[in-house]
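Structure record follows, encoded as structure tokens.
Since every read-out is calculated from the coordinates, none of them should be taken as a lab result. As the structure is a prediction and not an experimental result, all values here were calculated from the model. So basically every Cβ, Gly included, is an ideal-geometry build from the backbone, and we count neighbours across all protein chains shown.
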Amino acid sequence: MAEAASIRPISADRVSEWAHEADVVVAGFGVAGAAAAIGAAQAGAEVLVLERTGGWGGAASMSGGFIYMGGGTPLQKACGFEDTVDNMKAFMKAALGPGVDDTKIDAYCEGSVDHYHWLVDECGVPFKESFWGEPGWEPPSDEGLMYSGGENSAPFHAIIPPAPRGHLPQMRDKHASSEKGGGYMLMKPLTDKAAELGVRAEYGMRVQALIVDADGRVVGLQARRYGKDIAVRARKGVVLATGSFAYNDAMVEAYAPRLIGRPAASIEEHDGRAIRMAQALGADLAHMDATEVAFFCDPQLFIRGILVNGRGQRYINEDTYPGRVGQATLIENQNQAYLIIDETAYEEGLSRPSSSALMRAEPTWVCETVEELEAEIGLPEGALQSTVEVYNRHAERGEDPLLGKKPEWVKPIGSPIAAFDLRGRTGGFTLGGLLTSVDSEVLHVSGDPIPGLFAAGRCTSGICAGGYASGASLGDGSFFGRRAGAKAAEA
């Protein structure tokens, strides 16, 4: 009850002193907050950003850095790929659902090329004109373009012309332990642009509650710094951009229980505070059970073998986007997974370049026959044998009629044969949050916008309703963050 009371909106007539003031006040200085600050400043507003940590960046600066863009960006064309807005829409609506917001995806796809130019020409985000075509979560070097959502694999590639849309900012001196990877190379230009436009930032500011006037309009925020409550006035609007609820145990248990104990690709500051603050004003929510799920195994390995569940059965085409593999493993197969691979395929996978080398390990079991391996794992007698027999029968012809893996990855499984125990090797972050309009207005449960309140990034329900593609978070965070700032500046 103490937390519930502390997030309740505060009446403006109870504020005796405003410590800071600006036209637009942004909570959070990750990708959505930076884009919102720039969008508002470019619209002529005076902007103040409140960040709870000691510096800008958030989870975005520590991420791989993908931004999902398409429809014919200059980078796609430079790398020799054709794409259309309609094809991009069709893929996103098929892959990111069920229940996607068609209006948001339409706006996102139709504005994608413009957003690319905004990032490059106005904000100085660099992209190297080169394509990475190997399996993986991201390129191990500084290539700028990659398939990042399973566009070129079943079931999508047969119905929608595939095009790579994972745009990765160029990195300086990238290596496995670098703190200046793709996410940093996105955030540094954005925050530099914000500073150039006169955006002010106050650090160490933990937002606590929204401040509203007598008409119910949001006119500011209460924050806490060094144990002292501070009132910050927003003359035009407040933008919430404080990240997901992946590190709020109570919210995860209530809304996305499959992620209990396994947050990944997020930071401890993602505590859902902004969502709760807006809920206290009557804000609506969407897709709170939706999660992205990382699968901790090198795609260079699992694409060359077969993945089976706790019953010894295949459950997904292994050449798809690793995030789809993670979701299928955790959500549909109770986090039970084994990689079955023969020695030749294993050695071949190890010889290929990969950004996922840290996910590699020695096999858990190695045997001469499938029957022996099945017994070692403890699978039902005959289950794995029948799975491998069916797979090999079709693989002799380079086919996978069961799940549609592309012929280039379909080879019979021979001997010696090994298995990796991948049970529990998943982790992820939440995708649901505040329901917002296409202009990033936070919507009340009545369907009306809450006056003066906007939001973007992972504290909102964005373009992903269930499925995911790498780059969707930084993509919709920056795209709708920009809109949030511009709309707040108009208010």
**OP:** Take the Cα radius of gyration of the chain and divide it by 2.2 N^0.38 Å, with N its residue count; two decimals is plenty.
**Re:** 1.02
Subject >> For the chain, size of Cβ-based charge dipole, Lys and Arg +1, Asp and Glu -1, in debye >> reply: 1220
**OP:** Determine, for TRP409, TRP56, the number of other Cβ atoms within 10 Å of each Cβ, and report the residues in order from fewest to most.
**Re:** TRP409, TRP56
Subject >> P(r) weight above 22 Å for segment 297-424, C-alpha pairs, percent >> reply: 28
Original post:
So for the pair ARG311, ALA361, with labels modelled 7 Å out along Cα→Cβ, what separation do we get in nm?
Top reply: 2.6
**OP:** Report relative contact order for the chain in percent, whole number only (criteria: Cα-Cα under 8 Å, sequence separation at least 6).
**Re:** 25
Subject >> For segment 274-368, diffusion coefficient by Stokes-Einstein and Kirkwood Rh (Cα), 25 °C, 0.890 mPa s, µm²/s >> reply: 160
Original post:
Residue separation times 0.36 nm, minus the C-alpha to C-alpha distance between ARG225 and GLU347: what's the value?
Top reply: 38.5 nm
Original post:
Could you give the semi-axes, largest first, of the ellipsoid that matches segment 352-491, computed as the square roots of 5 times the alpha carbon gyration tensor eigenvalues and rounded to whole Å?
Top reply: 49, 16, 15
Subject >> the chain: DSSP helices with Cα axial extent of at least 20 Å and average Kyte-Doolittle hydropathy no lower than -0.5 >> reply: 182-196, 472-490
Original post:
Can you sort HIS167, HIS20, HIS287 by how many other beta carbons sit within 10 Å, fewest first?
Top reply: HIS20, HIS287, HIS167
**OP:** Tell me what the chain gives for mean residue ellipticity at 222 nm when only DSSP H runs of n ≥ 4 count, each as -39,500 (n - 2.57), the sum divided by the residue total, rounded to 500 deg cm²/dmol.
**Re:** -8000 deg cm²/dmol
Subject >> Centroid-to-centroid separation of segment 84-147 and segment 1-65 [C-alpha atoms, Å] >> reply: 27
Subject >> Reachable lysines, given that their alpha-carbon falls under 20 Å from the alpha-carbon of LYS236 and they are not under 8 places away in the same chain >> reply: LYS487
Original post:
For the residues SER16, SER356, SER148, what sequence is obtained by ranking on other C-beta atoms within 10 Å, fewest first?
Top reply: SER16, SER356, SER148
Subject >> Rg [Å, one decimal], Dmax [Å, integer] - segment 429-491, C-alpha atoms >> reply: 11.4, 33
**OP:** Find the relative contact order for segment 297-424 and round it to a whole percent, using C-alpha pairs within less than 8 Å whose residues are 6+ positions apart.
**Re:** 35
Subject >> Net lengthening on full extension, SER11/TYR203 (0.36 nm per residue, minus Cα-Cα) >> reply: 66.7 nm
**OP:** Determine the principal axes of the Cα atoms in segment 347-401, then give the extent along each, sorted from largest to smallest and rounded to whole angstroms.
**Re:** 35, 29, 17
Original post:
Roughly how many nanometres apart are two label points built 7 Å out from the Cα toward the Cβ at ALA94 and SER415?
Top reply: 4.1
Subject >> Three principal axis lengths of segment 102-142 [C-alpha, angstrom, descending] >> reply: 34, 27, 12
